Amino acid sequence: MAEAWWVEVGEGIWVRRHAELDLSLGLVVGERSCLVVDTGGDEVQGAAFAGAIRELTELPWVVVLTHAHFDHAFGTAAFPSDEVWAHPACRRELEETGERQRQEWVTRYRKENKPEIADQIRRARIVLPRSAPEGDVDLGGRIVRFIHPGPAHTGHDLVIHVPDAHVLFAGDLLEQGAPPAFGDAFPDVWPEALDRVLALKPTTLVPGHGDPVTADFARTQREEIAQVAELCRLFQEGRITTEQAIERSPYPAEFTSEALSRPRRRGGR
Ligand SMILES: [Zn+2]
């Protein structure tokens, strides 16, 4: 399998797929500028992505980060720009957790015997984003919108809507090829966030990991996450055990355990 390749999901809308972590980064091309959606897990991966973009377009770029997880945000230094945007809380999250994420993933990649990637993450300079503009952003003949659909995969997720093409970059609100990740998630309100995303009526949704999906796929994953949320509720009310929750979950044990450990966002607790 190639390390990285393009998938076109609409006219001038591209997904850069990566074998590593099954990561998906995005590119939306207008007439005056292009929008880079997430930058990869380190500057080397970011620079390779930037190089691939330059084969498609010479237009100046602006950058948006869907959330602060390293694999989406640590490649930003490869994209020199005054316009690096994210949800306001993404900046704080990178300030507070950036070095911890770095340590965790350097250790993990060393254990997996991938010292090169570990080293690239160790050396990545973390770039802090500014607050994304509210309302329409005009790339020239093409509008994009940045939307915080509520807490879901993290407390500061941003999705990117390209209305003219009915394409939506969902960050890690959706995953194809693997279950969604609950480590920093708010399972009880995640389904509502996906409802807000689906209300935009996208026909193609780009997950943060895996291949682009349809609205039907997103609806199915929304139902599975709602099942996990319900199991979390029953567990937190003391009505089922960890083992029972794992047994009844649509997802593998490690995913369900992480979900069970997360706080409720709604109604206290
Ligand atoms: Zn993530």
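We did not get these values from a lab; they are worked out from the coordinates using the rules stated. The model shown is predicted, which means the values in this text are computed figures rather than measured ones. Using ideal geometry, Cβ is built from the backbone for each residue, glycine included, and neighbour counts are taken over all protein chains shown.
Worth a mention:
- Qualifying residue in segment 238-252 (condition: free of Cβ contacts under 8 Å to residues at least 60 places away in the same chain, within 16 Å of the ligand (Cβ to nearest atom) and either under 16 Å from the mean Cα position of the chain (by Cα) or in a loop (DSSP other than H, G, I, E, B) (or both)): no
- Qualifying residue in segment 102-115 (condition: among the acidic types (Asp, Glu) and out of contact with any helix residue (DSSP H, G or I) (no Cβ under 9 Å at 6 or more places or on another chain)): no
- Single residue of segment 182-217 satisfying the filter (aromatic (Phe, Trp, Tyr) and not in a loop (DSSP other than H, G, I, E, B)) that is farthest from the ligand (Cβ to nearest atom): PHE217
- Those residues of segment 55-90 which are away from the ligand (no atom under 16 Å from the Cβ) and in a helix (DSSP H, G or I), in sequence order: GLU55, LEU56, ALA77, ALA78, PRO88
- Elements of type strands (runs of 3 or more DSSP E) contained in segment 113-181, each with 2 or more residues being surrounded by 15 or more Cβ atoms within 10 Å (Cβ to Cβ): 143-147, 159-162, 167-175
Here's the yes/no breakdown for (1) within 13 Å of the ligand (Cβ to nearest atom); (2) farther than 23 Å from PRO263 by Cα; (3) in contact with a Pro (Cβ under 8 Å, 6 or more places away or on another chain); (4) among the aliphatic types (A, V, I, L, M):
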| position | (1), (2), (3), (4) |
| --- | --- |
| PRO129 | no, yes, no, no |
| GLU134 | no, yes, no, no |
| PHE146 | no, yes, yes, no |
| HIS153 | yes, no, yes, no |
| ASP157 | yes, no, yes, no |
| GLY177 | no, yes, no, no |
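Let's see how each residue does on (1) of a type in the set (A, V, I, L, M, F, W, C); (2) on the phi > 0 side of the Ramachandran plot:
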| residue | (1), (2) |
| --- | --- |
| VAL167 | yes, no |
| GLY171 | no, yes |
| GLN176 | no, no |
| PHE186 | yes, no |
| ALA215 | yes, no |
| GLU224 | no, no |
| SER257 | no, no |
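- Taken over segment 93-150, residues that are of a type in the set (Ser, Thr, Tyr) and in contact (Cβ under 8 Å) with a residue 40 or more places away in the chain amount to 1.
- Test: residue in segment 37-50 that is away from the ligand (no atom under 16 Å from the Cβ), surrounded by fewer than 24 Cβ atoms within 10 Å (Cβ to Cβ) and in a strand (DSSP E or B): no
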